[in-house]
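The values are calculated or read from the model by the stated rules, or taken from the named source; none is laboratory data. Keep in mind the model is a prediction, meaning the values are calculated, not measured. Backbone-built Cβ (ideal geometry, glycine too); neighbour counts: all protein chains shown.
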Amino acid sequence: MTAAESPRLVQLRLNGAIPRHIAIIMDGNGRWAGERGLPRSAGHQAGMASVREVVEACIQTGVAVLTLFAFSQENWQRPAAEITALMALLEEYIAGEASELRDKGVAVRMLGDLDRLTPAARGAVDRIESTTAGGRALALNVCLSYGSRAELVRAARRLAERVRAGELEPGAIDEAALTAELYTAAWPDPDLLIRTSGEMRVSNFLLWQVAYAEFHVTPVLWPDFTREELFAAILDFQNRDRRFGRVST
């Protein structure tokens, strides 16, 4: 059965309520590799295919924004060999996917403390952002060297600098002002947050932005996450009663 013939895809289109913005904590690469007696880097390599699946599925369903948690600031504490392998995979992914993503209308942005990347990885990031700029089918955000607490501290510091410069009154600082200083300011907050591998935590990911997101946790490890898994998550989302703190009439 092809993706176009998927009963789940047909059903979610009939239901109509497609999330504008999906965020995913891609977890389980290391566990997937360990279960197969492979090095952790093999799990990260396998996970690249799932990224491709999810990007294509989002385009199919009409999702406007996809934000992926690829590498946290805390991940810099992992063994040097694993970090080196991850940076090499990043460069490999960009070299292999940039042209195809551009052709599909996917605009890629990398969000996080990119100054910590190796020069080669930073150069690759700059290339994929410039190559895909202007894409209209899907905004693909990849959180890299990212931590939500650090993002909020950065936003607060930028607001403080504007106050000191006389550009902003302290009393004018509200939710909208802080949101405007976040990495994700250009996009709506996530409607749906997916976490793979069954872990029940947000792991310092988009803490401000997921305030009213619906959560979908699946035991599936990231390298086994297919477009059918994404369709299932959207169907789950469509069954939620989103009240945003209000009472349904």
Worksheet item: Out of R78, R162, R116, which single residue is more than 18 Å from the chain's Cα centre (by Cα) and under 24 Å from W187 (Cα atoms)?
Response: R162
Worksheet item: Are any of the residues in region 54-66 part of a loop (DSSP other than H, G, I, E, B) and crowded, with 19+ Cβ neighbours inside 10 Å?
Response: yes
Worksheet, complete the sentence: Residue pairs qualifying under the 7 Å Cβ cut-off, at least six apart or on distinct chains, with the first in region 87-99 being of a type in the set (D, E, K, R) and the second being in a helix (DSSP H, G or I), are E91/A120; E91/A121; E91/A124
Response to the item:
If you go through I194, I234, the only one that is buried (at least 21 other Cβ atoms within 10 Å of the Cβ), more than 30 Å from R154 (Cα to Cα) and in contact (Cβ under 8 Å) with a residue 24 or more places away in the chain is I234
Worksheet item: Assuming F71 fulfils every condition listed in (1) part of a helix (DSSP H, G or I); (2) in contact with a helix residue (DSSP H, G or I) (Cβ under 9 Å, 6 or more places away or on another chain); (3) more than 18 Å from E228 (Cα to Cα) apart from one, which condition is it?
Response: (1)
Discussion item. Testing L101 on (1) over 25 Å from V202 (Cα atoms); (2) over 17 Å from the mean Cα position of the chain (by Cα), one condition comes back false. Which one is that?
Written reply: (2)
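Output yes when any residue across region 7-25 is of a type in the set (K, R), under 30 Å from E214 (Cα atoms) and modelled with pLDDT under 95, and no when none is. Step through it out loud before you land on a result.
Applying the first criterion (of a type in the set (K, R)) to region 7-25 yields 8, 13, 20.
Keeping just the survivors that are under 30 Å from E214 (Cα atoms) gives 8, 13, 20.
Checking the rest, the ones that are also modelled with pLDDT under 95 come to 8, 13.
There is at least one residue in region 7-25 that is of a type in the set (K, R), under 30 Å from E214 (Cα atoms) and modelled with pLDDT under 95.
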Worksheet item: Has region 142-165 got any residue that is under 26 Å from A17 (Cα atoms) and among the aliphatic types (A, V, I, L, M)?
Response: yes
Discussion item. Condition first: surrounded by fewer than 13 Cβ atoms within 10 Å (Cβ to Cβ) and either touching a His at 6+ places or on another chain (Cβ under 7 Å) or not hydrophobic (A, V, I, L, M, F, W, C) (or both). Now tell me which residues in region 127-144 satisfy that.
Written reply: S130, G134, R136
Worksheet item: What residue, among those in region 25-34 that are in contact (Cβ under 8 Å) with a residue 12 or more places away in the chain and in a helix (DSSP H, G or I), is nearest to L138 (Cα to Cα)?
Response: N29
Worksheet item: Quick check, is V10 within 21 Å of R227 (Cα to Cα), of a type in the set (A, V, I, L, M, F, W, C) and surrounded by fewer than 17 Cβ atoms within 10 Å (Cβ to Cβ)?
Response: yes
Worksheet item: Checking L89 against (1) closer than 30 Å to L152 by Cα; (2) out of contact with any His (no Cβ under 7 Å at 6 or more places or on another chain); (3) at pLDDT below 95; (4) surrounded by 17 or more Cβ atoms within 10 Å (Cβ to Cβ), which single condition isn't satisfied?
Response: (2)
Practice prompt. Can you tell me which residue among F237, F215, F205 is within 28 Å of L101 (Cα to Cα), in contact with a Pro (Cβ under 6 Å, 6 or more places away or on another chain) and not polar (S, T, N, Q)?
Written response: F237
Worksheet, complete the sentence: Checked against (1) touching a helix residue (DSSP H, G or I) at 6+ places or on another chain (Cβ under 7 Å); (2) crowded, with 20+ Cβ neighbours inside 10 Å; (3) without any contact (Cβ under 8 Å) to a residue 60 or more places away in the chain, K104 satisfies every condition except (2)
Response to the item:
Picking from G47, G96, the residue that is in a helix (DSSP H, G or I) and over 21 Å from T132 (Cα atoms) would be G47
Item to complete: Determine if region 38-46 includes at least one residue that is touching a residue at least 60 places away in the same chain (Cβ under 8 Å) and either farther than 20 Å from L192 by Cα or of a type outside the set (A, V, I, L, M, F, W, C) (or both).
Response: yes
